[in-house]
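Have a look at the structure below, then the notes.
Please treat every number below as a calculation from the coordinates, not as lab data. Fair warning: this is a prediction, and the values are worked out from it, not measured in the lab. Here the Cβ is made from the backbone with ideal geometry for all residues, glycine too, and neighbour counts use every protein chain on show.
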Amino acid sequence: KQEVTQIPAALSVPEGENLVLNCSFTDSAIYNLQWFRQDPGKGLTSLLLIQSSQREQTSGRLNASLDKSSGRSTLYIAASQPGDSATYLCAVSWGSARQLTFGSGTQLTVLP
Amino acid sequence: DAGITQSPRHKVTETGTPVTLRCHQTENHRYMYWYRQDPGHGLRLIHYSYGVKDTDKGEVSDGYSVSRSKTEDFLLTLESATSSQTSVYFCAISELRVTGDPYEQYFGPGTRLTVT
């Protein structure tokens, strides 16, 4: 079964710290991997998309990497801020309809 | 922001009643999806569409049906709502590159459904 796992489920860091969120997946034959942010009671905001042929993508203070052979992706957040506090979701696209399979998320709290 | 709207945004209904949720897009994307989000289960795919009148089941399709008569609209129907269908429902859209690889998937704001 194709599954996506995110560990840890929750993470608390002091402001200014650099941090890494982890995502692992069971089948390396992916189309792409997408990282989302979700604030409490809100919808999903797409952060970064990595195609299967790419190794990393960057947007501002965010950098996402992809290692298909090991079934892993990381989301690196530089110089964290309290406004970064949210749940971060990793999702992998498999299947003929390119539907996404989601991890359960990492709830990040950045303390002022 | 991608042009995706969902209606209604909130709904409370009674067990056994039919409910229809609507997703509307202005991006002319071919692929549309319905997911539900529940504590402890994350987001799971209910149904998806790969074109007008072309739909298929996802992971948790029991108790749900869908229809897509126009590119811009994707309807999710609960024929007879049950308490287990209390959830937040998200619609998403996507399109494919010429290579067949998907572009980003964009999500609507969600519909919070409570079945009492």
(Q) For the pair residue B:38/residue A:29, report the inter-label distance in nm, with labels modelled 7 Å from Cα in the Cβ direction. (A) 2.9
Q. How high is the relative contact order of segment A:1-46, in percent, with contacts defined as C-alpha pairs under 8 Å that are six or more residues apart?
A. 35
Q: With +1 on each Lys and Arg Cβ and -1 on each Asp and Glu Cβ, and nothing else charged, work out how big the dipole of the protein assembly as shown is about its Cα centre, in Debye to the nearest 20.
A: 240
Q. Which one of B:98, B:66, B:52 has the biggest mean-square fluctuation once chain B is modelled by GNM with Cα springs under 10 Å?
A. B:98
**Q.** 3J(HN,Hα) from dihedral phi, segment A:41-48, Karplus parametrisation 6.51/-1.76/1.60, rounded to Hz, x for glycine, proline
**A.** x, 10, x, 9, 10, 6, 9, 8
Q: Quick one: order A:70, A:24 by neighbouring beta-carbon count within 10 Å, fewest to most.
A: A:70, A:24
**Q.** Label-point separation, residue A:54 to residue B:53 (7 Å along Cα→Cβ), nm
**A.** 3.7
Q: Would you work out the charge dipole size for chain B about its Cα centre, treating the Cβ of every Lys and Arg as +1 and the Cβ of every Asp and Glu as -1, and quote it to the nearest 20 debye?
A: 200
Q) If r is the Cβ-Cβ distance from residue A:1 to residue B:79 and R0 is 35 Å, what FRET efficiency results, to the nearest 0.05? A) 0.80
(Q) Report, in listed order, any pair from A:1/A:68; A:42/B:57; A:1/B:70; B:11/B:53; B:11/B:70; A:68/B:70 with a Cα-Cα distance greater than 28 Å. (A) A:1/B:70; A:68/B:70
Q) Quick one: if you stick a label point 7 Å off each Cα along the C-beta vector at residue B:30 and residue A:20, how many nm between them? A) 3.8
Q: Could you check which residue among B:78, B:45, B:96 shows the biggest mean-square fluctuation in a GNM of chain B with a 10 Å Cα cutoff?
A: B:96
Q: Rank B:65, B:106, B:83 by how far each Cα sits towards the positive end of the charge dipole of chain B (+1 on Lys, Arg Cβ; -1 on Asp, Glu Cβ) and give me just the farthest.
A: B:83
Q) Taking springs between alpha-carbon atoms closer than 10 angstrom, which of B:56, B:38, B:101 fluctuates most in the Gaussian network model of chain B? A) B:101
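Only Lys, Arg, Asp and Glu count, each charged at its Cβ (+1, +1, -1, -1), so figure out the dipole size of chain A about its Cα centre, rounded to 20 debye.
Numbers: 8 positive and 8 negative charges, 59 e Å.
It works out to roughly 280 debye.
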